[in-house]
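Chemist: Below you will find the structure I want to go over with you.
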Ligand code: ATP
Ligand code: MG
């Protein structure tokens, strides 16, 4: 399972639609300060359901929408699509690749799509659970994350191992069943 494609439009500094294809291997992104490298990783975090503007380096969710420059008007919508290879069927869905899309308007509401069909964030969370991808996954290691892991409480650290071991979905189902 790997990141195959990323499409960004109207998100942060990416006013125009851009598409990046990735191979199964290591990709480095290089560029001058302020050119948008971190905005790419922010877009990945965001499309996977990040709800905290602060962890996207903003103060409100609207800050992810291209705000305009001296020569360019702001846009009204941000959209990011991520395509993940699923040849191994690690995600429990019978497609060789899946595309997750998130869209947000200035009014605030987010829309999510799985392979172009509207869905809930919950559906995306369930699909990604135990894959290591996703908001709580260990596939995105940001600055300071290692320190956080080493200094966190034992119970918090345990969550990372549980995700890696693939048992989070069973715990979540148990918790949901107990609530009912
Ligand atoms: P560094 O090497 O310093 O880490 P970087 O390549 O990671 O830089 P980013 O932090 O990804 O750079 O990009 C910052 C740029 O994105 C800034 O110029 C900022 O103005 C622009 N930017 C962020 N949010 C928006 C927005 N909503 N609309 C327009 N531009 C934005
Ligand atoms: Mg950066």
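Chemist: Hey, any idea what the orientation-averaged projected area of the convex hull of region 141-180's Cα atoms comes to, in nm²?
Modeler: Result: 3.5 nm².
Chemist: Between residue 115 and residue 52, how many nm apart are label points set 7 Å from Cα along the C-beta direction?
Modeler: 3.3
Chemist: Now a separate question. Apply the a/c threshold of 1.5 to the C-alpha gyration tensor of region 83-171 and tell me whether it is rounded, prolate or oblate.
Modeler: The shape class here is oblate.
Chemist: Add -39500 (n - 2.57) for each DSSP H run of 4 or more in the chain, then divide by its residues: what number comes out at 222 nm, to the nearest 500 deg cm²/dmol?
Modeler: -8000 deg cm²/dmol
Chemist: Sort 75, 104 by Cβ crowding within 10 Å, fewest neighbours at the top.
Modeler: 75, 104
Chemist: Residue separation times 0.36 nm, minus the C-alpha to C-alpha distance between residue 88 and residue 122: what's the value?
Modeler: Additional length available on full extension: 10.0 nm.
Chemist: Here is a further query. How much length is gained on full extension from residue 149 to residue 175, taking 0.36 nm per residue of separation minus their Cα-Cα distance?
Modeler: 6.9 nm
Chemist: Please find the FRET efficiency linking residue 161 to residue 107, where r is the Cβ-Cβ separation and R0 is fixed at 41 Å, and quote it to the nearest 0.05.
Modeler: FRET efficiency, residue 161 to residue 107: 0.55.
Chemist: Looking at the chain, send over the antiparallel percent of its DSSP beta bridges, to the nearest 5.
Modeler: 100
Chemist: What percent of all Cα-Cα pairs in region 3-124 falls in each 5 Å bin, counting up from 0?
Modeler: Result returned by the calculation: 2, 11, 20, 24, 20, 13, 8, 3, 1, 0.
A short reminder: the numbers here are calculations on the coordinates, not readings from a lab. On a predicted model such as this, the values are computed, not experimentally measured, just so you know. Positions of Cβ are backbone-derived with ideal geometry, glycine not excepted, and every protein chain shown enters the neighbour counts.
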